[in-house]
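The values are calculated or read from the model by the stated rules, or taken from the named source; none is laboratory data. In this text, all values refer to a predicted model and were calculated from it rather than measured experimentally. Please note: Cβ atoms are built from the backbone with ideal geometry, for glycine as well, and neighbour counts cover all protein chains shown. Surface accessibility is based on the protein's heavy atoms, side chains included, excluding ligands, DNA and RNA. Shrake-Rupley method; radii C 1.70, N 1.55, O 1.52, S 1.80 Å.
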Amino acid sequence: MLADNLASHDAVNLKCASDKHTEHLHLLPCSVHHDGPAKTATYFVPDSNGTTSTAAFRGRQLQGLAVALPPGYIGHVVVESSALTDNAAFEHAADTRLELLSTELFSKFT
């Protein structure tokens, strides 16, 4: 898990691969043991009444509330990339650096 990996590193390098801004980002309160593309636009379609959203995931009803990031903040959807090994700005061992790749940006999530 990326969160566990971040704690064991002294430095993180974030590279932006895209300036694509996503409108629909959902944080699910569960673990999904899948690492790859999913047809979420087809099977996960929240119904919004203005303040809250409801949807079903694998037969379980979910309720969500849109949360906007504070003004001036931008969220990044990241994937783990290779560790940095040739950056002279870092004087730590290679296993203390982590490279992340930003694939999408967001300003709110549900």
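General remarks:
- Pairing residues of segment 46-67 that are over 19 Å from residue 32 (Cα atoms) with residues that are among the aromatic types (Phe, Trp, Tyr) and surrounded by 10 or more Cβ atoms within 10 Å (Cβ to Cβ), at Cβ distances under 9 Å and at least 6 apart in sequence or on separate chains, gives 66/109; 67/109.
Condition check ((1) at pLDDT below 80; (2) within 27 Å of residue 97 (Cα to Cα); (3) open to solvent by 70 Å² or more (accessible area, probe 1.4 Å); (4) basic (Lys, Arg)) across all residues:
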residue: 11; (1), (2), (3), (4): yes, yes, no, no
residue: 14; (1), (2), (3), (4): yes, yes, yes, no
residue: 18; (1), (2), (3), (4): yes, yes, no, no
residue: 25; (1), (2), (3), (4): no, no, no, no
residue: 28; (1), (2), (3), (4): yes, no, no, no
residue: 33; (1), (2), (3), (4): no, yes, yes, no
residue: 39; (1), (2), (3), (4): no, no, yes, yes
residue: 46; (1), (2), (3), (4): no, no, no, no
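- Within segment 56-71, the only residue that satisfies the criterion of being of a type in the set (S, T, N, Q) and surrounded by fewer than 10 Cβ atoms within 10 Å (Cβ to Cβ) is 61.
- Members of segment 56-85 that are at pLDDT 80 or above and either over 20 Å from the mean Cα position of the chain (by Cα) or among the acidic types (Asp, Glu) (or both): 56, 59, 60, 61, 80
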